[in-house]
Amino acid sequence: MFNPRKTTLRRIAADKPDAAVIAEAAAVLRRGGLVAFPTETVYGLGANALDAAAVQSIFAAKGRPANNPIIVHVADAAAARKLAANWPERASLLAERFWPGPLTLVLSKRAEVPDIVTAGSPTVGLRVPAHPVALALLRAAEIPIAAPSANRSMRISPTTADHVLRGLDGRIDFLLNAGPTSGGLESTVLDLTTDPPQLLRPGLVSVEQLEAVVGPIAAGEHAVSKSSTESLRSPGLLERHYAPRAKVVCLSAENRGVAQELLQSNQRLGWLRLAGTNPELQLSTGSNRPIIIDMPADAAAYSARLYAALHELDDAGVDQIVVDLPPSGDAWLAVHDRLRRAASDEGQKVK
Ligand code: TXA
Ligand code: MG
């Protein structure tokens with residue numbers, strides 16, 4: 001159950017956050033409220049990480065399953081160390097290289113971190129975000145901020161304040177609108193409690209970049225299909241986790257023929273077209289012309305665009321979203337991961 005709340009919306013400059021607006025948001029957090037704010041990946045839904053009741057209200061607002069742990073955001077590596085029971089050399093090296101930035105490190109937690117944050121796990125996910133608004137908020141509030149992505153559970157993460165409002169208006173206290181986020185996909189989650197470290201979620205920091213700093217890392221369970229929340233190491237690994245309302249179909253070289261079939265069906269189609277593929281779509285006419293969104297050929301630009309494009313097609317009310325699968329390769333790992341989850345039918349029962 002969530003408590004209805006009046007959501008206060010404030011615009012703020014992404015590069016030069018206004019101190020008075022930040023102070024207002026920080027005060028809301030300090031008194032146990034919920035504040036959605038931009039990070040360089042996606043918008044987060046923040047609460048005081050040391051206040052179990054405040055964190056409980058995140059779960060209520062999102063409809064998030066209680067067994068899905070929440071990332072704790074901190075202002076710098078020193079603040080992260082205060083929440084970790086130990087701080088391995090690898091954590092120092094990675095923090096030095098990638099923080100502030102889109103990397104979450106999973107470490108043994110200290111007792112001060114409430115169990116509700118970590119869903120009962122003895123580990124905590126820690127991240128120093130790079131967005132100036134997020135950093136200013138952390139510094140002003142002087143508390144660690146627990147923040148999952150600011151969407152309703154099982155929906156696509158928000159990359160604009162408008163996306164946040166669509167899912168959470170009336171469920172959160174405050175929203176800092178700093179325009180679209182630059183990264184567009186969630187942080188990489190790396191478990192440092194195992195040897196070798198384990199990739200729990202691919203993200204904007206690539207495996208190659210991580211391995212250059214700490215040596216080999218294990219692929220993790222993200223490659224494994226999961227359909228229930230039972231004993232998940234990281235419930236964000238649930239197959240269907242980043243899903244639009246429309247059904248998503250991914251087209252590869254092997255099943256490209258499906259394109260013609262879909263065009264002839266009477267479904268309303270959206271199409272995330274990759275430059276150079278499906279040139280014939282341009283020519284397709286008739287009542288069933290798909291809504292085409294041309295996607296960038298560069299992995300970073302594609303990542304930044306993906307969720308907004310899926311939101312747009314959902315808003316247009318399409319029945320199916322067809323996606324030209326981008327090339328494989330390390331730079332595209334996170335994009336492939338999110339597309340596979342968006343296309344999965346598994347785990348839909350899980351709320
Ligand atoms: O980029 C991001 O990471 C964004 C921004 C707001 O920071 N946050 C985000 O949070 O994507 P969320 O809750 O949507 O995804 C967090 C992921 C989930 O897959 C969760 O299971 C995993 O991190 N996670 C968090 N704490 C964990 C822990 N202690 N052990 C294992 N996995 C953890
Ligand atoms: Mg999320």
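Brief remarks follow.
- Under the convention that each Lys and Arg Cβ holds +1 and each Asp and Glu Cβ holds -1, the size of the dipole of the chain around its Cα centre is about 1020 debye.
- Unit charges on C-beta of K, R, D, E only; dipole of the stretch 1-88, Debye: 260
- For the stretch 78-230, the alpha-carbon coordinates run over 44, 38, 30 Å along the three principal axes, in decreasing order.
- Fraction of accessible area attributable to carbon and sulfur, the chain (%, probe 1.4 Å): 52
- Karplus 3J(HN,Hα) series, Hz, for the stretch 94-103 with 6.51 cos²θ - 1.76 cosθ + 1.60 (x for Gly, Pro): 6, 4, 4, 7, 10, 9, x, x, x, 10
- Cα shape, the chain, gyration tensor, a/c 1.5 rule: prolate
- Per residue, the stretch 1-144 exposes 42 Å² of accessible surface when a 1.4 Å probe is rolled over the protein heavy atoms with every protein chain present.
- Here the alpha carbons of the stretch 154-212 define both size measures, Rg and Dmax, at 15.5, 45 Å.
- Net length gained if the chain between E112 and K247 were fully extended (0.36 nm per residue, minus Cα distance): 44.4 nm
- For the chain, the number of Lys pairs separated by eight or more positions or lying on different chains, with C-alpha atoms closer than 20 Å, is 9.
- Cα gyration tensor, the stretch 1-144 - rounded (a/c under 1.5), prolate or oblate: oblate
The values are calculated or read from the model by the stated rules, or taken from the named source; none is laboratory data. Being a predicted model, the structure only gives us computed values, none of them experimental. Heads up, the Cβs are rebuilt from the backbone with ideal geometry, glycines too, and the neighbour counts pull from every protein chain shown. Side chains are part of the model used for accessible areas, which takes the heavy atoms of the whole protein and leaves out ligands, DNA and RNA. Shrake-Rupley method; radii C 1.70, N 1.55, O 1.52, S 1.80 Å.
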